4 protein chains.
Amino acid sequence: MNTFGRNLRVTTFGESHGKALGAVIDGCPPGIPLDETDIQALLDRRRPGTSPLSSPRQEADRVEILSGVFEGKTTGTPIAMIVRNNDAKSGDYGELRGKFRPGHADFTYQEKYGIRDHRGGGRSSGRETIGRVAAGALAMKYLSLHGITVTGRIIAVHGKTEPAAIEHEILAAKEAGDSVGGIAEIVAKGCPAGLGDPVFGKLDAGIAGAMMGIGAVKGVEIGDGFAVAGKSGSHTNDPMTKDGFASNHAGGILGGISSGQDIVVRIAVKPTPSIAKTQKTRDIHGNVVDISVGGRHDPCIVPRIIPVAEAMLALVLADCLLEMGKYKGGSR
Amino acid sequence: MNTFGRNLRVTTFGESHGKALGAVIDGCPPGIPLDETDIQALLDRRRPGTSPLSSPRQEADRVEILSGVFEGKTTGTPIAMIVRNNDAKSGDYGELRGKFRPGHADFTYQEKYGIRDHRGGGRSSGRETIGRVAAGALAMKYLSLHGITVTGRIIAVHGKTEPAAIEHEILAAKEAGDSVGGIAEIVAKGCPAGLGDPVFGKLDAGIAGAMMGIGAVKGVEIGDGFAVAGKSGSHTNDPMTKDGFASNHAGGILGGISSGQDIVVRIAVKPTPSIAKTQKTRDIHGNVVDISVGGRHDPCIVPRIIPVAEAMLALVLADCLLEMGKYKGGSR
Amino acid sequence: MNTFGRNLRVTTFGESHGKALGAVIDGCPPGIPLDETDIQALLDRRRPGTSPLSSPRQEADRVEILSGVFEGKTTGTPIAMIVRNNDAKSGDYGELRGKFRPGHADFTYQEKYGIRDHRGGGRSSGRETIGRVAAGALAMKYLSLHGITVTGRIIAVHGKTEPAAIEHEILAAKEAGDSVGGIAEIVAKGCPAGLGDPVFGKLDAGIAGAMMGIGAVKGVEIGDGFAVAGKSGSHTNDPMTKDGFASNHAGGILGGISSGQDIVVRIAVKPTPSIAKTQKTRDIHGNVVDISVGGRHDPCIVPRIIPVAEAMLALVLADCLLEMGKYKGGSR
Amino acid sequence: MNTFGRNLRVTTFGESHGKALGAVIDGCPPGIPLDETDIQALLDRRRPGTSPLSSPRQEADRVEILSGVFEGKTTGTPIAMIVRNNDAKSGDYGELRGKFRPGHADFTYQEKYGIRDHRGGGRSSGRETIGRVAAGALAMKYLSLHGITVTGRIIAVHGKTEPAAIEHEILAAKEAGDSVGGIAEIVAKGCPAGLGDPVFGKLDAGIAGAMMGIGAVKGVEIGDGFAVAGKSGSHTNDPMTKDGFASNHAGGILGGISSGQDIVVRIAVKPTPSIAKTQKTRDIHGNVVDISVGGRHDPCIVPRIIPVAEAMLALVLADCLLEMGKYKGGSR
């Protein structure tokens, strides 16, 4: 289940401390201008080590396109992209080898597979998102040809909404050997009406699955989201006027299909589970032990999750746009 | 996109005012005891007309199994089930034929398909969920053989959490020709560790997509959900003791894979968009017109969405259980 | 695995002696004129009891469309169609209950599922093809809007190629309590260049899978087929002139993609395995026993397999046509 | 459509003259011993330049595993493998740039995509099979743990069946600037009964699609194959005795499900379309021109297609084995 999408299909691979991570994108239309700088720009945004607020792990994260592009344009064949791991200090993780880090996938991977690459989370590491962001960069390029943009921003961290307060919360958590959660909002502008399919293929269903499939995300909402629980229908219905909809409580999606308004998505991001503070856990022999997760970790993952969430939303939209083309182009 | 699931695959069909609705379930293991009363029991829970709080539409909603069951047991072949529509008063909807009901899929279906069955929402009607609930009943039967149960309950309606207050809010909304939203919680108990797959096939991603794919759902959260945004890692990580996990902030899922704890899901349900109160909308000619959606509608959809949400969670879990079997049974 | 197709997705269900057989077609474009007579015409062609050369089993095989069509046109929602079983004489099969009929799926179903509906083959009966033919009728309707036709014919039976000789072979086999095999050819005319996808999604790969998935088919070839094994490249390559290709050794497909020429497919159909002649087999207790398969069986299945093979080819082509539309419509 | 399989999913990528070719295999069970030498051994068998009968193109074709293997064992995460192109003489193809090579995908790719990597066939080159063979090597490793072997051999070339005559035909074709076709047979031994699914997921349907999806294959048959067309049911049915089946006309598959006998598949392979002999074709401007395809080509592709066909059969069987495990492991 490392493949995402129906029409624009992305398969990602790679572990935190393996040789390389990457993605293969199948189903990309031919003729789209693409080179490595298009991909690199977005990869740089998710890269660690660029701010005192994030992990100091230094990765060049240089992308190499192996196939699917000829003379600067996509050819319709699969686009393989890889990023080699350089700064993988496996040694940092030696003492964690036999312990299940709380809040991480260590325990569940061990239960499921009976084997795991314990170095830095292996496949469950945040570095897995490199493949997503690389693929998302291509999706954004495609969307931009249709006038669609996808942009994310931080809404709140540890209950605070002002930039200065947010920065303070993050630094305070770092100082305390702890971490903090938050909320991000991703908005897509310029989408035509008609994206998404009824019933199980609803656009909002696709978005919710895509967002909840990002590590650390514990909640997804569209438009008014959880606030609808306190409202009445006369407030949440969006009236129509001759200029279009008079409001956007629906977040741009009605009956699972885009309405032409902005698509508005918010995600709840849990605090980074890797914290220096001492916690109780088990080792693989079943003993209860103390654990302090040192190493290079972000005290708040919200800023770095934004390019990933943008990538996922772009992939969902590009996929729906291709699906819609199927009917517009070949059907009638 | 009317098919759901990878291993237990459900295809639903049918419109509100067509001849019949139903589902075909493919991939069901052989040898599971099943008859129509198993399905009927759950269909009766979603049926309208059973309480003063819900729509007075009277539907017998009798299920008929057409295939896949022989001498009281599933055979491993597709199970087709249909429910015929009886009480479909198309006449009720005549005046709405040319108007886009606010908060409904009318506008987006028209934009997408250029044609739609306007009678009672057609395919976008809540009656579409009959197929889901019928399939979910089978999934629950299968889960019960593995000791897994799925149960939903109302958490809040229009901001209230006490049963009496909730009933009051619903009746008040009905009186006012309005409707109210709320929150439901669905819990699965007895799940083994190991359900779900990394990356795009995460259990929580599957659940989020399944829930957001239910009409009227605008938000989904797992475990602490949106509350993580105000917390620190030392509070949201679940420590392990020799008896297992000491808490369940994660809602039973770590790294996208079940941990063996209860799986806890909450959904935000918007107020029923069909309200008697006069609203502004457009007709199909582009004119701005007044609309009042009469007919037989629930003032609050939360109670009736619960069997649907239970069905969807059961389908996701049954699918993952079969996927897990693949490795346990045939792999090594 | 009772679903076929990527864009036009057909799910079939039903057993030989169950309540009903049918199909649900998802992904059909909206606006295609369709009523039950369109479907019935093709079902009548595959129906038994219409000739002294075929099984005398009498089935009305009346199709009923349950959903997806409104005011005589498809709406883009799933089209469910059922055919009820009427003339199902389970009694005929009583003595075969415990014996594995040679050349049938009895043994392998029992091995796989540990349970089977032994009445007339259950799901492995030729009646399963009712769902395929019903779906194929819709596909042909769609193809006809694009100027594409699909037609099959008998090429040979029991080594004979002349109609009179073929009829003689079939009647002689019937007389002898035996059966005979043959070859059918299916040709699609009017296909545009560009159908099919490279590598695993090749048009010929799709056709081969579709044809070999029909019961009794043991071989599939495209264009020159097995004859290429005795030829040289200077004979099998099709030269191009200013009027197009000068020959069609390729059978209309190059590199897995349609070239615009006729698509030519041939299938090898084995003799009906149900024969009155005494054969050796096992019963479910492992004893070697004699078996004579009485009942109403076709001495040669080639004539009745043709509408099924046409249906499958139509489904493959309709699916590819929708896939191609995706790029033409939405991509650039 | 560069992904193959349902449970063991292989995505291949890469062009003849691009930077690299490769495959990502998802769904591989954990704990399987694997290193690069396992893969290399099979790649070496498909490699050109190893015999006077094949293309003199020299490619080291060294495989590198990028992910999914830890301490010598698979981890259950995607296994990415790449082979870099070294000996890619684009110059050889310069004069063919604007001409459609007869029997190749040049014309159909151009029609479909409006753009193509003309260097040596690009994605439609035989080098695309590197990814298949690499993935097939993994599948064979997995099958071998279950006692299953897959072996192919040449049956006939240009109508001859004796090794010496076959070699003579190939050298004669080379001398004449021409090429010859043939037949290969692939046999799987040790398969359990129960592989494959009814209806569209039949084992033989999967095999037929897999084989016809290999470039140059124009026909596929199972067991008696096209010979059934001249036989009667009393000859093609396989009787059962207490020791099992008394014959194997069915080629190991009944009703789409393996019976436990050897699985026997034959494929018809067309003559290599690249020949030095002068042919008529068109250029991209529509002019009729002469073409002689020089460069380094095999006069007969049958020997080198065998490891590819073995790989594809291994992939189909491994996929079915995992599917079967689903029911054995998790269902009842």
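The values are calculated or read from the model by the stated rules, or taken from the named source; none is laboratory data. Treat the numbers as computed from the prediction; the structure is a model and nothing was measured. All Cβ positions, even for glycine, are placed from backbone atoms using ideal geometry, and neighbour counts span all protein chains on display. For the accessible areas, the whole protein counts, side chains as well, though only heavy atoms, and no ligand, DNA or RNA atoms are used. Shrake-Rupley method; radii C 1.70, N 1.55, O 1.52, S 1.80 Å.
Exactly one condition in (1) in contact (Cβ under 8 Å) with a residue 12 or more places away in the chain; (2) in a helix (DSSP H, G or I); (3) under 23 Å from B:P271 (Cα atoms); (4) among the small types (G, A, S) is false for A:G196; which is it?
In the conditions (1) in contact (Cβ under 8 Å) with a residue 12 or more places away in the chain; (2) in a helix (DSSP H, G or I); (3) under 23 Å from B:P271 (Cα atoms); (4) among the small types (G, A, S), A:G196 misses (2) alone.
Mind telling me which of the residues A:I207, A:I170, A:I154 ends up being touching a Pro at 6+ places or on another chain (Cβ under 9 Å) and part of a helix (DSSP H, G or I)?
A:I170
For C:K270, which of the numbered conditions (1) over 22 Å from C:G201 (Cβ atoms); (2) free of Cβ contacts under 8 Å to residues at least 24 places away in the same chain fails to hold?
Single failed check for C:K270: (2).
So which residues in region D:267-279 are open to solvent by 40 Å² or more (accessible area, probe 1.4 Å) and either touching an Asp or Glu at 6+ places or on another chain (Cβ under 7 Å) or closer than 20 Å to D:P307 by Cβ (or both), if there are any at all?
Within region D:267-279, D:K277, D:T278 qualify.
Can you name every residue in region B:17-54 that is within 14 Å of B:G126 (Cβ to Cβ), modelled with pLDDT under 90 and either crowded, with 23+ Cβ neighbours inside 10 Å or of a type in the set (V, I, T) (or both)?
B:R46
Scan region D:116-124 and give yes if some residue there is more than 18 Å from the chain's Cα centre (by Cα), closer than 20 Å to C:G201 by Cα, outside any strand (DSSP E or B) and at pLDDT below 95, otherwise no.
Here is the first cut: in region D:116-124, the residues more than 18 Å from the chain's Cα centre (by Cα) are D:116-120.
Filter again for closer than 20 Å to C:G201 by Cα, leaving D:116-117.
Still in the list and also outside any strand (DSSP E or B): D:116-117.
Imposing the further condition that a residue be at pLDDT below 95 reduces the set to D:116-117.
Looking through region D:116-124, at least one residue is more than 18 Å from the chain's Cα centre (by Cα), closer than 20 Å to C:G201 by Cα, outside any strand (DSSP E or B) and at pLDDT below 95.
Among A:H158, A:H168, A:H118, which is the only one that is open to solvent by 50 Å² or more (accessible area, probe 1.4 Å) and more than 11 Å from chain B (Cβ to nearest Cβ)?
Going through A:H158, A:H168, A:H118 in turn, the sole match is A:H168.
Which of the residues that make up region A:125-146 are in a helix (DSSP H, G or I), within 13 Å of chain B (Cβ to nearest Cβ) and hydroxyl-bearing (S, T, Y)?
If the condition is that a residue be in a helix (DSSP H, G or I), within 13 Å of chain B (Cβ to nearest Cβ) and hydroxyl-bearing (S, T, Y), then A:T129 is the only one that fits.
From the list A:S247, A:S234, pick out the single residue that is open to solvent by 10 Å² or more (accessible area, probe 1.4 Å), without any contact (Cβ under 8 Å) to a residue 12 or more places away in the chain and in a loop (DSSP other than H, G, I, E, B).
A:S247
From the set of residues in region C:222-245 that are more than 7 Å from chain D (Cβ to nearest Cβ) and modelled with pLDDT of 95 or more, which is nearest to the chain's Cα centre (by Cα)? Spell out how you get there, then give the answer.
Of all residues in region C:222-245, those more than 7 Å from chain D (Cβ to nearest Cβ) come to C:227, C:235, C:243-245.
Now narrow it down to the ones that are modelled with pLDDT of 95 or more: C:227, C:235, C:245.
Numbers: C:A227: 24, C:H235: 32, C:F245: 30 Å.
Residue satisfying both the conditions and the ranking: C:A227.
Please tell me if A:G295 is open to solvent by 30 Å² or more (accessible area, probe 1.4 Å), more than 30 Å from B:I257 (Cβ to Cβ), more than 7 Å from chain B (Cβ to nearest Cβ) and in contact (Cβ under 8 Å) with a residue 60 or more places away in the chain.
Values: open to solvent by 30 Å² or more (accessible area, probe 1.4 Å): yes; more than 30 Å from B:I257 (Cβ to Cβ): no; more than 7 Å from chain B (Cβ to nearest Cβ): yes; in contact (Cβ under 8 Å) with a residue 60 or more places away in the chain: yes.
Answer is no for this residue.
Return only the number of the condition from (1) free of Cβ contacts under 8 Å to residues at least 12 places away in the same chain; (2) of a type in the set (G, A, S); (3) touching a His at 6+ places or on another chain (Cβ under 6 Å) that D:G223 does not satisfy.
Status for D:G223: all satisfied but (1).
Kindly indicate whether any position in region A:255-273 is touching a His at 6+ places or on another chain (Cβ under 6 Å) and polar (S, T, N, Q).
The answer is yes, given that some residue of region A:255-273 is touching a His at 6+ places or on another chain (Cβ under 6 Å) and polar (S, T, N, Q).
Test of understanding: among A:V150, A:V199, which residue is within 20 Å of A:V220 (Cβ to Cβ) and more than 8 Å from chain B (Cβ to nearest Cβ)?
A:V150
Which numbered condition in (1) of a type outside the set (D, E, K, R); (2) open to solvent by 30 Å² or more (accessible area, probe 1.4 Å); (3) assigned to a loop (DSSP other than H, G, I, E, B) is the only one that A:A227 fails?
So the condition that A:A227 fails would be (3).
Going residue by residue through region D:139-154, is there one that turns out to be within 19 Å of the chain's Cα centre (by Cα), within 14 Å of D:L21 (Cα to Cα) and either buried (at least 16 other Cβ atoms within 10 Å of the Cβ) or of a type outside the set (G, A, S) (or both)?
Looking for residues that are within 19 Å of the chain's Cα centre (by Cα), within 14 Å of D:L21 (Cα to Cα) and either buried (at least 16 other Cβ atoms within 10 Å of the Cβ) or of a type outside the set (G, A, S) (or both), one finds none in region D:139-154, hence no.
What are the residues in region C:55-76 that are in contact with a helix residue (DSSP H, G or I) (Cβ under 6 Å, 6 or more places away or on another chain) and at pLDDT 95 or above, if any?
Of everything in region C:55-76, those that are in contact with a helix residue (DSSP H, G or I) (Cβ under 6 Å, 6 or more places away or on another chain) and at pLDDT 95 or above turn out to be C:V63, C:I65.
In region B:184-209, how many residues are under 19 Å from B:H146 (Cβ atoms), within 16 Å of the chain's Cα centre (by Cα) and open to solvent by less than 10 Å² (accessible area, probe 1.4 Å)? Walk me through how you get there before you give the answer.
We begin by selecting, within region B:184-209, every residue under 19 Å from B:H146 (Cβ atoms); these are B:186-197, B:203, B:206-207.
Going one step further and asking which of them are within 16 Å of the chain's Cα centre (by Cα), we end up with B:186-188, B:206-207.
Next, only the ones that are open to solvent by less than 10 Å² (accessible area, probe 1.4 Å) stay: B:186, B:188, B:207.
Total meeting the criteria: 3.
Has region B:247-263 got at least one residue that is within 25 Å of A:G255 (Cα to Cα) and in contact with a strand residue (DSSP E or B) (Cβ under 9 Å, 6 or more places away or on another chain)?
no
So how many residues does region B:250-266 have that are part of a loop (DSSP other than H, G, I, E, B) and more than 8 Å from chain A (Cβ to nearest Cβ)?
Total satisfying the criteria: 3.
Take the residues in region A:290-312 that are of a type in the set (D, E, K, R) and not in a loop (DSSP other than H, G, I, E, B); name whichever of them is nearest to the chain's Cα centre (by Cα).
A:E310
Taking the stated definitions as given, is C:Y109 within 8 Å of another protein chain (Cβ to nearest Cβ) and in contact (Cβ under 8 Å) with a residue 12 or more places away in the chain?
The answer is yes for C:Y109.
Regarding region B:7-26, can at least one residue be identified that is without any contact (Cβ under 8 Å) to a residue 24 or more places away in the chain and in a loop (DSSP other than H, G, I, E, B)?
no
When you go through (1) surrounded by 24 or more Cβ atoms within 10 Å (Cβ to Cβ); (2) touching a residue at least 60 places away in the same chain (Cβ under 8 Å); (3) more than 7 Å from chain C (Cβ to nearest Cβ) one by one for D:G177, which number turns out not to apply?
(1)
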